[in-house]
1. When you check Thr181 against the structure, is it in contact (Cβ under 8 Å) with a residue 24 or more places away in the chain and in the same structural domain as Tyr86 (by TED's automatic domain parsing), yes or no?
2. Looking only at residues in region 158-210 that are among the small types (Gly, Ala, Ser) and assigned to a helix (DSSP H, G or I), which one is farthest from Val85 (Cα to Cα)?
3. Here are some conditions: (1) free of Cβ contacts under 8 Å to residues at least 60 places away in the same chain; (2) within 16 Å of Lys187 (Cα to Cα). Tyr86 meets all but one. Which one does it not meet?
Amino acid sequence: MANAAEQRSPWPAAVLVFVVAVVVIAALMAIAHTTRQRIERNEHAWLKERLDTLVPPTLHDNDLLADYTTITAPAVFGTATPIGVYRARRAGVPTAAVLLPIAPDGYGGPIELMVAVSANGTLLGVQVIAHHETPGLGDYFERSDWLDRFRGRSLETPPQSKWTVRQEGGEFDSFTGATVTPKAIIKTVRVTLEYYRNHSEQLFTQPIAK
């Protein structure tokens, strides 16, 4: 004859295990949510700092992060990846745009850029936001003033034939012992200026990307 312990139903133990599992899963989801929010806040702050550096707040009264759209122009940029665009306006009038083109032919692979262009087609600045270059090459656009040389340039200054490295008769210095990466960046900045010249009205009238 079975004793009382042997006859006890297994359900209470099963319910306890289920409850514990639910509590653990809920806790993990809460931690993941909090972590994701923290990451998003950090990314938001990082991006805002970059945009403010390229387009000073004095040039716009709108929220650059909110006034965002995308374009796709593989024939121009050499990649089918959508290109992000942040638009600056003052009193509703376009003052600048920050495009995020990708130089597909860097020495170490694609190089993601931020290219800020004023309403009149003059470069406000260029930044590299992601790359796969070796530390030696990366130092040139992370710690040197090489990218500062784009500021104030346009499609007329220099002429198109001069938008390359000095070794090829251009007006831009290359990196010591390397020309592939600087040529890739220079080319992408130039085609970004060309795209802006040809599509600036479209850029500012496109709906905000969801």
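1. yes
2. Step by step, filter region 158-210, then rank; the result is Ser161.
3. If we test Tyr86 against (1) free of Cβ contacts under 8 Å to residues at least 60 places away in the same chain; (2) within 16 Å of Lys187 (Cα to Cα), just (2) comes out false.
The values are calculated or read from the model by the stated rules, or taken from the named source; none is laboratory data. As the structure is a computational prediction, the values presented were derived from the model and not from experiment. No Cβ is skipped: glycine too gets one built from the backbone with ideal geometry, and neighbour counts run over all protein chains shown.
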